[in-house]
């Protein structure tokens, strides 16, 4: 893990050069302006959903863009012949994109609600959600080499993963949504502004932790198969 720190610094610089940090902050600013212009929309459920979407989109979409860029420029193939380990590569993206997601989400909270915030739920919810989506995005993009292919597969995956928003906004009360890891994310992020029961909190943390562990193992396998070995 001795290469982790320099890689984190490098990828934070890369995220800056690719305007990932700028795009995230501009998106937050636009959401904040809309919520300010339409005060009735500034509710716990809506702000919670926006905080959910920020690390979701940031983690899933931007990890895809970064991996495709590295594949196109053959820098990933070059990395595989260095002492860098696959876990260092994955952890680097997890740390950098999650850091950006935390900052952007904190800005959104500061600019919108103006009420008491439960920072334990905030930090836990944003971090676990971001880590999950970074891993999911990497798994989704690892076998693709073109933007068009990834866009189609990624759009379908995001649509499925965001399905619990239906439950979040009270459009359905089906228990099936609790099988989704993203339902756990929405529960934790709801706890930023509103009380969440202890059983729901435990369920959310355990559910996301299990999915993150599975995703990490699967992402390492995909890295080896589709990047190190160049499999399809």
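The values are calculated or read from the model by the stated rules, or taken from the named source; none is laboratory data. On a predicted model such as this, the values are computed, not experimentally measured, just so you know. When we count neighbours, we look across all protein chains shown, and the Cβ atoms used for this are built from the backbone with ideal geometry, even at glycine.
Key figures for this structure:
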item	result
Which listed residue, of 182, 99, is part of a helix (DSSP H, G or I) and crowded, with 20+ Cβ neighbours inside 10 Å	182
Within the range 156-177, tally of residues that are part of a helix (DSSP H, G or I) and within 21 Å of residue 60 (Cα to Cα)	10
Residues satisfying the stated conditions in the range 8-57, i.e. within 19 Å of the chain's Cα centre (by Cα) and not in a helix (DSSP H, G or I)	18, 19
Meets criteria (more than 27 Å from residue 37 (Cβ to Cβ), touching a residue at least 60 places away in the same chain (Cβ under 8 Å) and assigned to a helix (DSSP H, G or I)) for residue 153	no
In the range 11-24, the residues that are more than 17 Å from residue 55 (Cβ to Cβ) and touching a residue at least 12 places away in the same chain (Cβ under 8 Å)	14, 18
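Let's see how each residue does on (1) on the phi < 0 side of the Ramachandran plot; (2) modelled with pLDDT under 90; (3) buried (at least 17 other Cβ atoms within 10 Å of the Cβ):
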| site | (1), (2), (3) |
| --- | --- |
| 187 | yes, no, yes |
| 194 | yes, yes, no |
| 199 | yes, no, no |
| 214 | yes, no, no |
| 220 | yes, yes, yes |
| 227 | yes, yes, yes |
